[in-house]
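Enquirer: Take a look at the following structure, please.
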Amino acid sequence: MAEKDDYLLDLLVDLGFTTADVVAKAREEAHAAGVGVVDLLVANGLIRAGDVTQAKAAQFGAEVVHLANMKIEDDVIAIVPRDIAKKYRVIPVFKNDGKIGIAIADPSDLNTIDSLTHLLNAEIEQRVASETDIEAALVKYYGSGEKKKMDAGIFAGVMQELTEENVHVAKIEEGGEVEADAPLIRLVNQIIVDAFKLRASDIHLEPLEKRFRLRYRIDGMMQEMKSPPKRLQAPVIARLKIQAGMIISEHRVPQDGRIQSKIGNKLIDLRVSCLPTNHGESIVMRILDKEGLRLGLPELGFLSDDQATFERIIGLPDGILLVTGPTGSGKTTTLYSCLNYINRPDRKIITVEDPVEYVLSGINQVQVNDMVGFTFASALRAILRQAPNIVMIGEIRDLETGSIAINASLTGHLVFSTLHTNDAPGAVTRLVDIGVKPFLVASSTRCLMAQRLVRKICKKCVAPYQPTEQEMRSLGLTMDDVKNANIQKGRGCQNCNNTGNRGRFGIFEIFVVEDEARKLIYDRVPTTVLRQRAREMGMRTLREDGIRKVLAGLTTPEEVIRATVGDES
């Protein structure tokens, strides 16, 4: 074993992943600690696990595969039974001309290759993948931990009971309800329950040409799950349409609905969208969990200085606070958390939304209805006659809505709303573009805030991490910057489904509009000039706020780079 490690260490040096001096020092420390040299190098962040994978592949002349980026078909996975895959820690990746491609973490394990050749009665062609990739793929394709329970829960018992008769009854049932213990109902309920247990924000049921794909969005990333058989596509969709109050005989136009479901003692709402596609109707269910709206400002991701600034802004008696960012960047959660923070008996709060996603106690919520002419603008005009202190508008979409919102802020109301712009200063340009006069924007706006969501490092598998040179360059960091920093990364464990991340929080760009900024807005300076002056006045960009959170060990360089691509800083 020591001989094999020596050869691997030499390869790591030859390939430029480390230096002989670092290896020599690691040998001494590893010997004293009684651990492997390679393991010590990885644990201390001196090399990456991916570097070891590359070196192992080079050692045996094998190809490296990245399982997370691959879609392995069900018939390929079926070649290697679950118990064999888990026993030998391998993943089948292809079958071609009698050869089976097998991804393995240790290509030097000839006993495993011989055993697989005998068990599968085929020639084995090695591919090399990292241990983390192998573990994640075993969970994805064969089930493990929560996922294993989910697979068993959804398919093992229910599938045996889903006869053609059961399917037919559930599919044609329209006027009433079928039995609560019917297999199809249990299948649909289990899909929802397991999504909730895995902390998914969305459930995607997508009809493809030859299969019916099930995916969950967990911490902002889509993850494919074991899918129901294609023959259950129509009955599953029909069942969900019944629950959501849709017309199940209508297959030509999109429909929207809601489902209320009880999981344990917890009541959750699902916003359901049904869209006709080439191969059937696609269903997307957004899980609306009110717990997320009770987050305090630190849980949203604010560090202490930004939190103090933000608390001061939302405590003002009038003016506009705009939160900007793309769809899915957490704007709604931020605004609702603000309302929850300032919701007191002596304040009247009214919201205008499309649709009302979360029902909040003590707040008057209004849903617009364009079909009857009840638009954002008409709703705003009506609610201002209700004498509110605070108004929340789901989104400023046009000049009429923007003008009424600004007039409301100038007449003693505090107004919260959102815009779809990439950065905070860009909100000024957006308002002017839709026709709002610059002097009105300058006089009414109190704060513009852009935000993005990044994934938190899993607390149960967190470990020190040394950023790569490319990550350092992308973030503009030097060795002096990271020398005393607490940069970390998750190794991957069952708690985080081997991703190294669990949960999300925000990174923010807060532009407080004060006298100098108001003059710049009034003078209609270009966005680039306004952004530069805002930074000189103390605004931190999204990337700069992200870097602070990387150095504090809250998220990873990779996450900040991904979330702030295009940020000039």
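Residue-wise test of (1) part of a strand (DSSP E or B); (2) without any contact (Cβ under 8 Å) to a residue 24 or more places away in the chain; (3) more than 30 Å from ARG540 (Cα to Cα); (4) open to solvent by less than 20 Å² (accessible area, probe 1.4 Å).
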| site | (1), (2), (3), (4) |
| --- | --- |
| CYS274 | yes, no, yes, yes |
| VAL284 | yes, no, yes, no |
| PRO298 | no, yes, no, no |
| THR309 | no, no, no, no |
| LEU316 | no, no, no, no |
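Enquirer: Picking from VAL372, VAL415, which residue would you name as being at pLDDT 90 or above and aliphatic (A, V, I, L, M)? So that I can check it myself, show each step before the final result.
Expert: Values: VAL372 fails: at pLDDT 90 or above.
When all the criteria are applied, what remains is VAL415.
Enquirer: If you don't mind, another one. Given (1) over 24 Å from the mean Cα position of the chain (by Cα); (2) surrounded by fewer than 18 Cβ atoms within 10 Å (Cβ to Cβ), identify the lone condition not met by ILE185.
Expert: (2)
Enquirer: Among LEU267, LEU240, LEU339, LEU232, which is over 27 Å from VAL560 (Cα atoms) and modelled with pLDDT of 90 or more?
Expert: On the way: LEU267 fails: modelled with pLDDT of 90 or more; LEU339 fails: modelled with pLDDT of 90 or more; LEU232 fails: modelled with pLDDT of 90 or more.
From the options LEU267, LEU240, LEU339, LEU232, the qualifying one is LEU240.
Enquirer: Continuing with the same structure: Out of curiosity, is LEU477 closer than 23 Å to ALA382 by Cβ, out of contact with any Ser or Thr (no Cβ under 6 Å at 6 or more places or on another chain) and open to solvent by 20 Å² or more (accessible area, probe 1.4 Å)?
Expert: Numbers: closer than 23 Å to ALA382 by Cβ: no; out of contact with any Ser or Thr (no Cβ under 6 Å at 6 or more places or on another chain): yes; open to solvent by 20 Å² or more (accessible area, probe 1.4 Å): yes.
Criteria not met by LEU477.
Enquirer: Also, I was wondering about something else. Within region 496-524, track down each residue that is buried (at least 19 other Cβ atoms within 10 Å of the Cβ) and part of a loop (DSSP other than H, G, I, E, B).
Expert: Matches in region 496-524: ASN497, ASN498, THR499, GLY500, VAL513.
Enquirer: Might you check whether a residue that is over 30 Å from THR132 (Cβ atoms), crowded, with 17+ Cβ neighbours inside 10 Å, in contact (Cβ under 8 Å) with a residue 12 or more places away in the chain and in contact with a Leu (Cβ under 8 Å, 6 or more places away or on another chain) occurs anywhere in region 542-557?
Expert: No.
Enquirer: For residues that are assigned to a helix (DSSP H, G or I) and of a type in the set (S, T, N, Q), scanning just region 471-495, find the one that is modelled with the lowest pLDDT.
Expert: Residues of region 471-495 that are assigned to a helix (DSSP H, G or I), as a first pass: 471-475, 479-483, 494-495.
Narrowing the set further to residues that are of a type in the set (S, T, N, Q) leaves 474, 494-495.
Numbers: SER474: 86, GLN494: 80, ASN495: 83.
Looking at residues that are assigned to a helix (DSSP H, G or I) and of a type in the set (S, T, N, Q), I get GLN494.
Enquirer: While we're on this one: Could you check region 87-97 and list, in sequence order, the residues that are open to solvent by less than 50 Å² (accessible area, probe 1.4 Å) and either in contact with a Ser or Thr (Cβ under 9 Å, 6 or more places away or on another chain) or at pLDDT below 85 (or both)?
Expert: If we filter region 87-97 for residues that are open to solvent by less than 50 Å² (accessible area, probe 1.4 Å), which is where we start, we get 88, 90-93.
TYR88, VAL90 - these are the residues of region 87-97 that are open to solvent by less than 50 Å² (accessible area, probe 1.4 Å) and either in contact with a Ser or Thr (Cβ under 9 Å, 6 or more places away or on another chain) or at pLDDT below 85 (or both).
Enquirer: Sort through ASN343, ASN369, ASN364 and tell me the only one that's within 13 Å of LEU414 (Cα to Cα) and open to solvent by 30 Å² or more (accessible area, probe 1.4 Å).
Expert: ASN343
Enquirer: A further question follows. Let me confirm something: among ARG397, ARG344, which residue is farther than 27 Å from PRO438 by Cβ and at pLDDT below 90? I'd like the intermediate steps shown before the answer.
Expert: On the way: ARG397 fails: farther than 27 Å from PRO438 by Cβ.
Sole residue among the options that is farther than 27 Å from PRO438 by Cβ and at pLDDT below 90: ARG344.
Enquirer: Another question, if that's okay. Being assigned to a strand (DSSP E or B), open to solvent by less than 30 Å² (accessible area, probe 1.4 Å) and in contact (Cβ under 8 Å) with a residue 24 or more places away in the chain is the requirement here; does ILE259 meet it? Full working, then the answer.
Expert: Details: assigned to a strand (DSSP E or B): yes; open to solvent by less than 30 Å² (accessible area, probe 1.4 Å): yes; in contact (Cβ under 8 Å) with a residue 24 or more places away in the chain: yes.
Yes; evaluated as a whole, the condition is true for this residue.
Enquirer: Here's something else I'd like to know. May I ask you to list pairs of residues, at least six apart or on different chains, whose Cβ atoms are under 6 Å apart, with the first in region 349-376 being free of Cβ contacts under 8 Å to residues at least 24 places away in the same chain and farther than 16 Å from ILE396 by Cβ and the second being open to solvent by less than 50 Å² (accessible area, probe 1.4 Å) and assigned to a loop (DSSP other than H, G, I, E, B)?
Expert: Close Cβ pairs (under 6 Å, with a partner that is open to solvent by less than 50 Å² (accessible area, probe 1.4 Å) and assigned to a loop (DSSP other than H, G, I, E, B)) amount to GLY362/ASN343; GLN365/VAL356; GLN367/PRO355; GLN367/VAL356; PHE374/VAL368.
Enquirer: Provide a single number: the residues in region 214-236 that are open to solvent by 10 Å² or more (accessible area, probe 1.4 Å) and farther than 21 Å from TYR142 by Cα.
Expert: Selection size over region 214-236: 5.
Per-residue answers, yes or no, for (1) part of a helix (DSSP H, G or I); (2) closer than 18 Å to ASP106 by Cα; (3) touching a Cys at 6+ places or on another chain (Cβ under 9 Å); (4) at pLDDT below 75:
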{"site": "LYS4", "(1), (2), (3), (4)": "yes, yes, no, yes"}
{"site": "TYR7", "(1), (2), (3), (4)": "yes, yes, no, yes"}
{"site": "LEU11", "(1), (2), (3), (4)": "yes, yes, no, yes"}
{"site": "PHE17", "(1), (2), (3), (4)": "no, no, no, yes"}
{"site": "ASP21", "(1), (2), (3), (4)": "yes, no, no, no"}
{"site": "ALA32", "(1), (2), (3), (4)": "yes, no, no, yes"}
{"site": "VAL38", "(1), (2), (3), (4)": "yes, yes, no, yes"}
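Enquirer: Further question: Quick check: is even one residue across region 407-428 open to solvent by 20 Å² or more (accessible area, probe 1.4 Å), within 29 Å of THR564 (Cα to Cα) and of a type in the set (Ser, Thr, Tyr)?
Expert: Our first condition is that a residue be open to solvent by 20 Å² or more (accessible area, probe 1.4 Å); within region 407-428, this holds for 407, 410-413, 420, 422-423.
Filter again for within 29 Å of THR564 (Cα to Cα), leaving 420, 422-423.
Among the residues that remain, those that are also of a type in the set (Ser, Thr, Tyr) are: none.
Within region 407-428 (the criterion being open to solvent by 20 Å² or more (accessible area, probe 1.4 Å), within 29 Å of THR564 (Cα to Cα) and of a type in the set (Ser, Thr, Tyr)), the answer is no, since none of the residues qualifies.
Enquirer: When region 441-470 is examined, which residues are found to be at pLDDT 90 or above, more than 25 Å from the chain's Cα centre (by Cα) and open to solvent by 40 Å² or more (accessible area, probe 1.4 Å)?
Expert: Selection gives SER443, ARG446.
Enquirer: Name the single residue, out of those in region 49-86 being part of a helix (DSSP H, G or I), modelled with pLDDT under 85 and among the charged types (D, E, K, R), that is nearest to PRO464 (Cα to Cα).
Expert: ASP51
Enquirer: Got a sec? Which strands (runs of 3 or more DSSP E) wholly within region 355-461 have at least 1 residues that are closer than 30 Å to ARG548 by Cα?
Expert: Numbers: elements: 364-367, 390-393, 414-419, 445-457.
Output list reads 414-419, 445-457.
Enquirer: Something else now. Tell me whether region 106-114 contains one or more residues that are in a strand (DSSP E or B) and in contact (Cβ under 8 Å) with a residue 12 or more places away in the chain.
Expert: No, region 106-114 contains no residue that is in a strand (DSSP E or B) and in contact (Cβ under 8 Å) with a residue 12 or more places away in the chain.
Enquirer: Based on what the data block shows, is GLU177 under 22 Å from GLN233 (Cα atoms), modelled with pLDDT of 85 or more, in a loop (DSSP other than H, G, I, E, B) and not β-branched (Val, Ile, Thr)?
Expert: Details: under 22 Å from GLN233 (Cα atoms): yes; modelled with pLDDT of 85 or more: no; in a loop (DSSP other than H, G, I, E, B): yes; not β-branched (Val, Ile, Thr): yes.
Taking the combined requirement at face value, the residue does not satisfy it.
Enquirer: Report yes if some residue within region 136-144 is modelled with pLDDT under 85, open to solvent by 80 Å² or more (accessible area, probe 1.4 Å) and on the phi < 0 side of the Ramachandran plot; otherwise report no.
Expert: Scanning region 136-144, I find no residue that is modelled with pLDDT under 85, open to solvent by 80 Å² or more (accessible area, probe 1.4 Å) and on the phi < 0 side of the Ramachandran plot, so the answer is no.
The values are calculated or read from the model by the stated rules, or taken from the named source; none is laboratory data. Just so it is clear, the model here is predicted, and its values are computed rather than measured. Here Cβ is always computed from backbone atoms with ideal geometry, including for glycine, and neighbour counts include all displayed protein chains. When the accessible area is computed, the model is the full protein with side chains, heavy atoms only, and any ligands, DNA or RNA have been set aside. Shrake-Rupley method; radii C 1.70, N 1.55, O 1.52, S 1.80 Å.
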